[in-house]
Each structure stands twice: as structure tokens, then as C-alpha cells.
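The values are calculated or read from the model by the stated rules, or taken from the named source; none is laboratory data. Bear in mind that the values here come from a model prediction, so they are computed numbers and not experimental data. Quick reminder, even Gly has a Cβ in these numbers, built from the backbone with ideal geometry, and neighbours come from all protein chains shown.
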Amino acid sequence: MSDIAFAEQTPADVQADVVAVFATKGENRTSVPGADAVAVGERLEIDISAVLSGVRFDGDLAAVARIPTQGKIAASLVLVVGLGPAEKLTLETLRRGAGAAARNATKDATLAVVVPGDLPSEAPPADRAQTVTEGAGLGSYAFTTYRSKPTELPSLTAVKIVAGNGLSADDIRGGVDRGATVVRATRLARDLVNTPPADKRPPVLAEKAVAVGEAAGLRVRVLDEQALEDGGFGGILGVGRGSSAPPRLVELTYEPDGAGSHVVLVGKGITFDSGGLSLKPPNAMSTMKMDMAGAATVLGAMSVLGDLGVTVKVTGLLALAENMPSGHATRVSDVLTHRGGKTVEVMNTDAEGRLVLGDALAYATEAQPDAIIDLATLTGAQIVALGNRIAGVMGNNDDLIEEIKSAAAAAGEQVWQLPLPDEYEDHLRSEVADFKNIGKPMQAGTIIGGLYLQKFVGEVPWAHVDIAGPAFTEEGDSWYTPKGGTGMGVRTLLALLTARSGG
Ligand code: BES
Ligand code: MN
Ligand code: ZN
């Protein structure tokens, strides 16, 4: 996987095989080269606009023109990457364009991407730099651990980020560093999601979290099956019971000196969701190694809090279990007792996320933090409602939800709020226990999941982010999200915690 770093060189002098600059879309199928494309054109002694229209490059988002340099600058190839129409240009389109640059430089050993001196003009250069770094770093992601031979996938060995026209090194260095840190956190989350389920069963994933946490200077505690038994975590134990690999609850603590507030992040960590005895059909099971994406997102974000200078206390809870059918598995209509004493009649063992999260949220609430945010691939209904680019967010506190919405907008991730109406509470009524774990068929499945979780948080400000769709993509895009785990939520969490830290 490529290293990504700031380089104190000009676009013309940078030591790289390929250098990427940007253009916007113009009128009549032409492009408008940005200031850096114009400057590079001058060094190449060509009329860049004429060359671009000659190769029918129109500046559409992620369109790419390849221009040989014939030895006139250090790089042998210039990529001019389209950003779409100037009036629609945002930091997110710049992130997508930078991703497209990385995707189109496959098979080329090193790539330099130029932080635009002029695009988008209203964005501070440091933000442009962070965005370009994120796009290039995420676009060059490839999961190759399990390949026996090199593949055609992106094989960049290094990505350099350089300052464009009119920008100094100091304008962009900090932004590049922040972007590279965000990339590292997101790549970790993607790697964990993409890992085959046999290689990340709960005890193994917990050990990985210990290693990551310790390397990041966090306190880490792992509750094994005995500790879960002693602590009354009946939901996690009930889900994990069918598997030959026992469940775990991992607690990671980041506590900087003088921390003012305390945020708890909770991640659903089902390392494989077969459905349990309420077995999923084969097609629905094919992507279910991704059902620990919430935990992967939390661990990814926790791994860089110190590097980003976060000043709030953050606890991460990873609720890890493998949902399998067996002679030991929880039966349909069995009753489990959650942490804190609430009882649930399990009417569908495939609604297991809420069972592990109920325990983790009850435990989180005991610390009386200032906010709890959980991330979970909780419901197929989330995909029906919002598709695979937009997460559902719901909760008991409008300020916290607004905070998540603005962090997501700033980070280039999409969330949409759903309500948690009291009127639907009766869907979860049980004849036997305090409640059951499913509602009515075809009715508000994502909301019902949220209502279930809400029972465990009391008065503590809490938000639930259902990332079932956006956590994993079977299609991928041509920007910065290849097929597989996406790392959805890492950027939003980091933006939120950085904002809470006052910058
Ligand atoms: N992990 C699934 C949800 C899911 C589905 C995530 C597809 C990503 C893609 C979850 O555990 C589940 O099975 N939910 C059930 C709940 C139902 C039984 C109430 C669902 O959505 O069908
Ligand atoms: Mn399930
Ligand atoms: Zn699940």
C-alpha cells in the first residue's frame, strides 16, 4: 500500500512518475484548466487548452487526460483530472477528483498530486490539502493481503502531495498531515472489514484491537466470556453462544490531560452474521463479514485521536460476537437478560446487532458520559430507505444529531435523520419478556432498531448511526471508494471529535 506524505517540491520538479493537476468542466465539451494545469502546460511548452480539447477532455468529474512530458519536467506523465462544473465544485468533488487521480495512476510507481492553488477558491488551502490527501490516499487503497500474485489493482508505492500555484509549503503541510492521518484510520477500518471472517473471530479481533490500541497509547481492557458472564452481558453472550469462538467486549480509553468532556463510541462487531438459527439465505450471507464495520470504524478512529490532538476523553466499546447456528445457539423464543437487567425475547436470531449493542450501550451509560454515538450495520431496511451512500442517524438529543450532521457534511460523508416515534414502541412488545427483538414485517425496520437501542441509554445524549448500506460496496466507484469495506463513519467521527476539541 502506498505511503502518502507532503513533499516540498513544485509540480514541475517533484520526483514522481506521474503528476496530477485539475481542471473544471467548461462550455461545449471543453474544460477549464486550473492554475496548476496552466503552469504545467507552460513548462511543457504546449497550449494546454488546445491539447485538452484535442483529446476530447471535457473536465467531467473523474475524467482524465494523459499528457506525456517528453522530459520537460521531472515526471514523465501529467494527468489532468476533471472536477466537473466550477459552480458545483466543493471539497467533496475535489476529494473525488484526487481519488480518480490515484485510480488512474495504477501500475505507475509513484504519483504526485497537486493541491490546487485556486480550486475551490473559497476553501482554505489547508482544507484543500487535507481533502486532496484523503482522496488520493483512499483512492489508492487496495486490499492485497490474500493475493498470491501481484494484481492489476492500484500498485502505487508512494503518493506525494505538493503545493500548487501560489501556495507555500506552510499553507498545506498541516492539512496534508491531518489528511494522511485520516487515511491511515480509514484504511485500518477497510482492512478489518475486508478480512475474511475466519481470520477475525472475536478473540482474534480483540487481540488486534489490543495491539492497535496500545500502539496508539490507549488503555485497553478486554472482557472475555467469563468477565461477560460476571458482568451480566446476556445479549453479547446470547449472540455468541452458537459459535465455537467466544464473544468479547473491548474497551479502549483515550484520556488526554485536562479532558473536559467524555464521548463514548460504540461499534457493532459481528465478525460474521449467518443469521444464527434464523439463518440467512446464501445471497444475503455473502457480504456478512462486513457486519463488524461499526467496530472497525470505532477502532480506526480511536487509533489516531492522539495524532489529531483530540482534547476530549473518548471511550471506544467494540461488541464482538460471531452469529452462528449450532446445537449451542440461542433458540427463537429464548429469553436473554441484558446488562442492567432488561429482558428480551429473541424472536429472530438474525436481529442480533441490537442484542450485543443493548449490553454495550447499557454499560456505556453507567459512566454517565456527555455523549454516546453507536455505529452499526444494523438493518437491511436502512439500505431500502437510504441506499448505500447515506447512513441513517437517529437519537434522543437534537443537538448531538445536528453535531453529527455537520461533522458528516464537513467530512464528505452523508447521513439522514430518521425519527424515533413513541407510537411505534408497541411493535416491540413481548408476551413473555420486557420486549422482543423484532417489530412488524415490512414496517420501519431501521426505526425499530433505533427504538430498541434507545431503551438502554436513559437520559444520556445518544445517537445511533445505521451504516448497513454505506459500510460496504459491491460496486465501488471511480473516485476514492474501491469495492469492499469503505471505512464509512471514520471521517465523520474524527471531524466531530476535532470540532469538540476546538478546531
Ligand atoms: N447485519 C444485518 C443487517 C444488514 C443487512 C447489514 C444487509 C448490511 C447489509 C442485521 O443483523 C440483520 O440481519 N438485520 C435484520 C433484522 C430483522 C431480522 C429484524 C434485517 O435487516 O433483515
Ligand atoms: Mn443479522
Ligand atoms: Zn448483523
Residue within segment 178-185 that is among the polar types (S, T, N, Q) and buried (at least 21 other Cβ atoms within 10 Å of the Cβ) present: yes
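Here is a yes/no grid of residues against (1) within 16 Å of ligand 3 (Cβ to nearest atom); (2) among the small types (Gly, Ala, Ser); (3) under 30 Å from Val183 (Cβ atoms); (4) modelled with pLDDT of 95 or more:
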| residue | (1), (2), (3), (4) |
| --- | --- |
| Val432 | no, no, no, yes |
| Gln454 | no, no, no, yes |
| His464 | yes, no, yes, yes |
| Gly476 | no, yes, yes, yes |
| Thr486 | no, no, yes, yes |
| Leu496 | no, no, yes, yes |
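Can you give me the number of residues within segment 304-342 that are of a type in the set (D, E, K, R) and over 29 Å from the mean Cα position of the chain (by Cα)? Break it down stepwise before answering.
Looking only at segment 304-342, we keep the residues that are of a type in the set (D, E, K, R), and these are 307, 313, 322, 331, 334, 339, 342.
With over 29 Å from the mean Cα position of the chain (by Cα) added as a condition, the list becomes 331, 334, 342.
Qualifying residue count, segment 304-342: 3.
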Answer from Ser286, Ser243 - the residue that is small (Gly, Ala, Ser), within 16 Å of ligand 3 (Cβ to nearest atom), more than 23 Å from Leu336 (Cβ to Cβ) and surrounded by fewer than 24 Cβ atoms within 10 Å (Cβ to Cβ): Ser286
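Would segment 363-378 turn up any residue that is over 19 Å from the mean Cα position of the chain (by Cα), part of a helix (DSSP H, G or I), within 16 Å of ligand 2 (Cβ to nearest atom) and touching a residue at least 40 places away in the same chain (Cβ under 8 Å)? If you could, list the steps in order and put the result at the bottom.
Just the residues of segment 363-378 that are over 19 Å from the mean Cα position of the chain (by Cα), to begin with: 363-371.
If we keep only those that are part of a helix (DSSP H, G or I) as well, we get 363-366.
If we keep only those that are within 16 Å of ligand 2 (Cβ to nearest atom) too, we end up with none.
No, that holds for no residue.
Suppose we filter segment 301-325 for residues that are hydroxyl-bearing (Ser, Thr, Tyr) and touching a helix residue (DSSP H, G or I) at 6+ places or on another chain (Cβ under 6 Å); how many remain? Before you say what the answer is, go through the steps one by one.
First, the residues of segment 301-325 that are hydroxyl-bearing (Ser, Thr, Tyr): 303, 311, 315.
Next, from what is left, pick out any that are touching a helix residue (DSSP H, G or I) at 6+ places or on another chain (Cβ under 6 Å): 303.
So the answer is 1.
Which of the residues spanning segment 1-21 are hydrophobic (A, V, I, L, M, F, W, C) and in contact with a helix residue (DSSP H, G or I) (Cβ under 6 Å, 6 or more places away or on another chain)?
Looking only at segment 1-21, we keep the residues that are hydrophobic (A, V, I, L, M, F, W, C), and these are 1, 4-7, 12, 14, 16, 18-21.
Ile4, Phe6, Ala12, Ala20, Val21, listed by residue number.
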Cβ pairs under 7 Å, 6+ apart, first in segment 459-480 and under 18 Å from Gly99 (Cα atoms) and hydroxyl-bearing (Ser, Thr, Tyr), second part of a loop (DSSP other than H, G, I, E, B) and within 11 Å of ligand 1 (Cβ to nearest atom): Thr473/Asn388
Within segment 228-240, tally of residues that are in contact (Cβ under 8 Å) with a residue 12 or more places away in the chain and surrounded by fewer than 17 Cβ atoms within 10 Å (Cβ to Cβ): 2
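If you go through segment 341-357 one residue at a time, how many are more than 16 Å from ligand 3 (Cβ to nearest atom) and either out of contact with any strand residue (DSSP E or B) (no Cβ under 8 Å at 6 or more places or on another chain) or not in a loop (DSSP other than H, G, I, E, B) (or both)?
Let us first name the residues in segment 341-357 that are more than 16 Å from ligand 3 (Cβ to nearest atom), namely 341-343, 345.
Right, trim to either out of contact with any strand residue (DSSP E or B) (no Cβ under 8 Å at 6 or more places or on another chain) or not in a loop (DSSP other than H, G, I, E, B) (or both) and you get 341, 343, 345.
Total satisfying the criteria: 3.
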